[in-house]
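Taken together, the values in this text are just the output of simple stated rules run on the coordinates, not laboratory data. The structure displayed is predicted, hence computed values, not measured ones. Because the Cβ atoms are built from the backbone with ideal geometry, glycine has one as well, and the counts that use them run over all protein chains shown.
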Amino acid sequence: MYMIKRFSRRGGALLLCFALICGMLAGCSDVRNMVSGVAVAGEFPVEVAGVTISARPQKVVVLSPSLADVVLALGYETQLTAGAQECTQESLRDLNKLSRDDAQAIIDAGPDLVLLDAESGASASALEEAGITVLSIAPATDREDFERLYSEVSSALAGGGAGHDEGIRVAQDIFLTLDAINRIVPSDRVTTACYLYDLDSSAVTGDMFGSTIMTYSGVTNVFKSLQGGMYDFDTLRISNPNAIFCPPGLKDQILGDSRFQDSQAVKDNKVFEMDPSLMAWQGRTVIETAYEISSLVFPELLEENSMQVTDPTEEIDSAVGSALASEAEAEDNTKYETLAQGDQGEEVQKLQARLEELGYLDREYDGHFGEYTAQCVSEFQKANGLEETGVADADTQRRLFSRTAKGKGEETDSAVSSEPPVETSQAPEEN
């Protein structure tokens with residue numbers, strides 16, 4: 001697909017984005033939702049959307065690409081045995097693919113659960129008559145409903161209780177990242193946009209989740225007050241959006257249509273093609289979509305240090321990372337006392353243990369703040385954009401113990417010193 005190919009060319013920045021999401025938002029090293037095959041021990045039987053699931057499904061057929069995206073976000077893809085041909089996610093390239101309209105092929109796959117939504121087009125009655133449990137889960141429409149979607153999918157695949165809670169957690173983590181994106185986009189002006197599926201009547205309206213993604217990307221959907229995915233051209237003309245998004249192939253029609261000759265988006269060259277799946281899939285794809293919209297509509301986010309940035313999403317990644325780091329440190333209410341050379345005790349030992357964990361300290365330590373510990377602190381400060389003093393003041397410790405602290409060797413804005421620690425002939429007090 002058009003946009004999927006664009007994302008693959010920018011894979012490095014997106015991998016950095018997902019590492020940031022995983023490490024900062026999922027809670028330090030808790031990355032269960034990103035690791036395939038790690039089971040959440042929920043309770044069965046469980047009732048989801050009026051359907052009772054008696055045991056943990058082991059052979060799930062997913063007939064909705066959006067639900068497949070949610071399954072991937074939750075990390076339950078090892079429970080999938082087949083999927084619809086429309087499930088084109090790279091992570092599912094080796095999954096057996098079926099036609100959504102071929103009930104017999106679905107039955108022959110031997111599923112113990114079939115996941116579908118209103119767009120799946122499958123004959124649920126034929127599957128149910130064959131004794132297969134069929135669960136229809138509606139797509140989310142807004143932030144609150146997003147948690148409902150994730151809790152239902154997670155409960156169905158991992159059970160009630162812990163499974164339900166895991167779904168809520170993953171949904172909230174995704175929205176924390178959308179919050180961070182929203183904080184870095186310009187807020188001093190209203191920027192309007194729309195997503196047109198065609199030039200007749202179909203568009204993203206306010207009751208669709210794509211409208212929510214647009215909001216968190218910093219743009220206001222001009223069809224926010226409409227419902228049912230339908231619009232009329234007069235509404236589009238009067239609202240005159242600053243940017244227009246559309247499927248591949250529609251941009252040329254827009255530019256060649258005389259009705260758009262006075263369009264602000266056309267005049268400003270802000271008509272952008274975007275695969276419609278990115279407005280529909282509700283897994284972690286929503287984060288990719290928000291990055292794409294914000295980077296296209298607000299190119300000024302990419303201007304700073306543009307000579308050094310080779311991938312346009314890297315600048316946004318950096319800004320999101322800074323916003324998340326500030327938020328994480330603001331949540332730390334610990335009162336830290338400044339630690340410097342000559343200090344000793346339990347607090348120094350905690351400091352040294354954390355420096356060791358992050359890869360800065362590689363000698364034995366005993367709670368004494370010596371020259372080597374000061375050097376390690378200085379190296380940490382440099383790697384994390386702090387003033388290099390070798391003194392562990394409150395700001396340094398707050399960053400050190402935060403989940404956003406950068407370990408030795410991680411990508412930084414300034415290179416970490418590669419000089420080896422200064423060895424001395426003194427006793428091993430040099431901690």
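Of interest is the spacing of the C-alpha centroids, which for the stretch 235-265 and the stretch 158-200 amounts to 25 Å. As a rough guide to protection, the peptides 226-233, 100-107, 215-222 ranked by mean Cβ packing within 10 Å, highest first, stand as 215-222, 100-107, 226-233. For Glu387, Glu356, Glu77, the sequence from fewest to most other C-beta atoms within 10 Å is Glu387, Glu356, Glu77. Cβ crowding within 10 Å, taken as a proxy for footprinting-reagent exposure, orders Met214, Met208 from fewest neighbours to most as Met208, Met214. Taking a straight Cα-Cα cut-off under 21 Å and skipping sequence neighbours fewer than 8 places away in the same chain, the lysines within cross-link reach of Lys382 are Lys350, Lys406, Lys408. Within the stretch 31-177, DSSP assigns beta bridges of which about 25% are antiparallel (rounded to the nearest 5).
Residues whose amide H falls under 5 Å from that of Lys97, counting only those 5 or more places apart or on a different chain, are Gly83, with hydrogens built in the peptide plane.
At a 10 angstrom cut-off on C-beta neighbours, averaged per residue, how do the peptides 244-251, 141-148, 45-52 rank from highest to lowest?
244-251, 141-148, 45-52
Going from the fewest other Cβ atoms within 10 Å to the most, the residues Asp262, Asp207, Asp393 appear in the order Asp262, Asp207, Asp393.
Packing around the peptides 364-371, 125-132, taken as the average count of other Cβ atoms within 10 Å per residue, puts them in this order, highest first: 364-371, 125-132. Taking amide hydrogens as placed 1.01 Å from N in the peptide plane, the amide H of Val185 sits under 5 Å from that of no residue at least 5 positions away in sequence or on another chain.
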